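Engineer: Quick one: the structure is below, questions incoming.
The values are calculated or read from the model by the stated rules, or taken from the named source; none is laboratory data. In this text, all values refer to a predicted model and were calculated from it rather than measured experimentally. Here the Cβ is made from the backbone with ideal geometry for all residues, glycine too, and neighbour counts use every protein chain on show.
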Ligand SMILES: [Cu+2]
């Protein structure tokens, strides 16, 4: 008795703890994915939302870029079939348009390692509420890689939502209600048929009485001739009914095309990352556990005609900013941006033609809170990210860096 009481008490306590921690738990798995996948597969940058406050039927445009890491992890299948989607809690938006490198993008596509891509997604608000949404990549056989998230607020009456679509034959249909009655009646039809047939048998004595009759050699009484007649009728009528309905549908919609399953063929952009003008070679990377700092020793070779400075390091959706370098875009409200997180040991601009070895330190508690510091417990503890350099005119150069990481525990 005492044991049961104790068990109940422990269970209640566990449930209470779980509920108490709920307030801070709203993630959709963005922190759960192994750090080497978040840092070394799809490297997102310049992701922007056109607005944050929407009414039902309003559109929000997500634009952004991503670099497909050259140093793709060995254990992750290559991105031969990928699909860019948006993670939302349920059907709160509908996606009306999607583009990759300016091309309309309907199906999945293969991505090239080392390639840069530019995307645009148009969403239309469907249900009211406040939602954290992310662009994310579905990688075939590998899973999903989340892009940076953003809070969007939708207000208004959900009944006002409409989704008119013009079909190839010129009809305008509202996707919210189109075919709904038909889908419901087919579901009800099959459920009623199935349930009736089940009840037909369930209403009679079940397992044990039947087993007893079987043991007594009375099995011929178990299935009546009426049962057999009904079974034969179902066997004939149901396929006939299905074929009949198919023929009716086919004559009603003679010009139907199947769902498309081919891959879209889209080439990467002319490279912005690794365009050859700035060459970065990371010679050594150490992660300082107590200081939550990634220290990279990098050799930077400036082949451009302007002096450049290191302005940002981005990895796994975190952005470490060098606040001494003026930048075109900074999202001050973004919790994944360390506004003063990046320091370079020699701050003077790297002159055209110069090769300099610098120490770059990306330090912030974000390494820990976003659980990227689990990196050195992986069998594949390599760092991947994008280093952004700026010249005096504000022009940006990006370089993809990849290096093994050595942890420093004290
Ligand atoms: Cu989120």
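Engineer: For residues in the stretch 52-86 being away from the ligand (no atom under 16 Å from the Cβ) and free of Cβ contacts under 8 Å to residues at least 60 places away in the same chain, which is surrounded by the most Cβ atoms within 10 Å (Cβ to Cβ)?
Structural biologist: 84
Engineer: Could you please find all residues in the stretch 130-152 being surrounded by fewer than 14 Cβ atoms within 10 Å (Cβ to Cβ) and within 14 Å of the ligand (Cβ to nearest atom)?
Structural biologist: Result: 130, 151.
Engineer: Residue 310: part of a strand (DSSP E or B), out of contact with any helix residue (DSSP H, G or I) (no Cβ under 7 Å at 6 or more places or on another chain) and more than 24 Å from residue 76 (Cα to Cα), yes or no? Outline the logic, then answer.
Structural biologist: Working: part of a strand (DSSP E or B): yes; out of contact with any helix residue (DSSP H, G or I) (no Cβ under 7 Å at 6 or more places or on another chain): yes; more than 24 Å from residue 76 (Cα to Cα): yes.
So residue 310 passes the test.
Engineer: Taking only the stretch 203-228 into account, find how many residues are on the phi < 0 side of the Ramachandran plot and loosely packed, with under 10 Cβ neighbours inside 10 Å. I'd like the intermediate steps shown before the answer.
Structural biologist: Just the residues of the stretch 203-228 that are on the phi < 0 side of the Ramachandran plot, to begin with: 203-216, 218-228.
Then drop every residue that is not loosely packed, with under 10 Cβ neighbours inside 10 Å, which leaves 203, 207-208, 215-216, 220-221, 225-226.
Residues in the stretch 203-228 being on the phi < 0 side of the Ramachandran plot and loosely packed, with under 10 Cβ neighbours inside 10 Å: 9 in total.
Engineer: From (1) under 19 Å from residue 48 (Cβ atoms); (2) assigned to a strand (DSSP E or B), pick out the condition that doesn't hold for residue 83.
Structural biologist: (1)
Engineer: Give the residues of the stretch 133-171 that are over 16 Å from residue 57 (Cβ atoms), more than 12 Å from the chain's Cα centre (by Cα) and in a strand (DSSP E or B), sorted by residue number.
Structural biologist: 150, 151, 166
Engineer: Something else about it: For the stretch 96-129, name all the residues that are surrounded by 16 or more Cβ atoms within 10 Å (Cβ to Cβ) and over 30 Å from residue 177 (Cβ atoms).
Structural biologist: 100, 101, 109, 111, 114, 115, 116, 117, 118, 119 - these are the residues of the stretch 96-129 that are surrounded by 16 or more Cβ atoms within 10 Å (Cβ to Cβ) and over 30 Å from residue 177 (Cβ atoms).
Engineer: From the residues in the stretch 383-397 that are over 16 Å from residue 322 (Cα atoms) and modelled with pLDDT of 90 or more, which one is surrounded by the fewest Cβ atoms within 10 Å (Cβ to Cβ)?
Structural biologist: Checking each candidate, the answer is 384.
Engineer: Also: Specify which of the listed residues (26, 45, 99) is modelled with pLDDT of 95 or more and either more than 16 Å from the ligand (Cβ to nearest atom) or not in a strand (DSSP E or B) (or both). Before the answer, list the steps.
Structural biologist: Details: 26 fails: modelled with pLDDT of 95 or more; 45 fails: modelled with pLDDT of 95 or more.
The conditions single out 99.
Engineer: With respect to the numbered conditions (1) under 18 Å from the mean Cα position of the chain (by Cα); (2) more than 16 Å from the ligand (Cβ to nearest atom); (3) at pLDDT 95 or above, which one is the sole condition not fulfilled by residue 123?
Structural biologist: The one condition residue 123 does not meet is (2).
Engineer: Consider residue 89 carefully, then state whether it is buried (at least 19 other Cβ atoms within 10 Å of the Cβ), within 16 Å of the ligand (Cβ to nearest atom) and either part of a loop (DSSP other than H, G, I, E, B) or not assigned by TED's automatic domain parsing to the domain that holds residue 31 (or both).
Structural biologist: no
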